[in-house]
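The values are calculated or read from the model by the stated rules, or taken from the named source; none is laboratory data. None of the values given here were measured: they were computed from a predicted structure. For neighbour counting, all protein chains shown are included, and Cβ atoms are generated from backbone atoms with ideal geometry for every residue, glycine included.
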Amino acid sequence: MDDAKRDLVRAWLVRAQRDLDAARTLAGADPPQFDSAVYHCQQAAEKAVKGFLTLHDRHVDKTHDIQALMAAAQPADPAFDKWLAAGERLTPYATAFRYPGEELEPDREEYQTALADAAGVVAFVLSRVPPETRP
């Protein structure tokens, strides 16, 4: 793998880790900001999968649909099928709470589920990439 590709994959994965950190920080604020925290959970999973796709020379669509990204990753690693449900749960957080509207704010339980899903996806991706690409 050339240096440019390694650096780009690592950049995606660093950003995924930072989004997980941001989610935890926002959820721990006083008062907790669960709406922003779940957004960062979605972003963490999305960026991790985009890093995986970059590693495998797959086209990285400009989409927030984690399931679609995982489907694109499955030819390189069929084990992504175990994470499709997490992707389905996380994808709506890309937009659900970003703007005022009729959406209710997520609660702690919803945040904890989103964090577990996102952390699981990120950990899965990290387990599937070479050490030199990990944050």
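Observations
- Meets criteria (out of contact with any Lys or Arg (no Cβ under 9 Å at 6 or more places or on another chain), of a type outside the set (Phe, Trp, Tyr), outside any helix (DSSP H, G or I) and within 24 Å of residue 14 (Cβ to Cβ)) for residue 63: yes
- Of all the criteria given as (1) at pLDDT below 95; (2) touching a Leu at 6+ places or on another chain (Cβ under 6 Å), the one not satisfied by residue 45 is (1).
- Residues that are touching a residue at least 12 places away in the same chain (Cβ under 8 Å), within 17 Å of residue 24 (Cβ to Cβ) and not in a loop (DSSP other than H, G, I, E, B) within segment 93-112 comprise 93, 108, 110, 111, listed in sequence order.
- Enumeration of residues in segment 95-114 that are closer than 19 Å to residue 69 by Cα and buried (at least 18 other Cβ atoms within 10 Å of the Cβ): 114
- For residue 27, the test of being modelled with pLDDT of 95 or more, under 12 Å from the mean Cα position of the chain (by Cα) and surrounded by 15 or more Cβ atoms within 10 Å (Cβ to Cβ) is failed.
- Evaluated against (1) in a helix (DSSP H, G or I); (2) farther than 25 Å from residue 10 by Cβ; (3) touching an Asp or Glu at 6+ places or on another chain (Cβ under 8 Å), residue 69 falls short on exactly one condition, (2).
- Checked against the criterion of being touching a Pro at 6+ places or on another chain (Cβ under 8 Å) and either of a type in the set (D, E, K, R) or not in a helix (DSSP H, G or I) (or both), the candidates 10, 18 yield just one match: 10.
- For residue 115, the criteria (1) more than 11 Å from the chain's Cα centre (by Cα); (2) over 20 Å from residue 9 (Cα atoms); (3) not polar (S, T, N, Q) hold in every case but one, which is (1).
- Number of residues in segment 75-91 that are without any contact (Cβ under 8 Å) to a residue 40 or more places away in the chain, surrounded by 14 or more Cβ atoms within 10 Å (Cβ to Cβ) and not hydrophobic (A, V, I, L, M, F, W, C): the value is 2.
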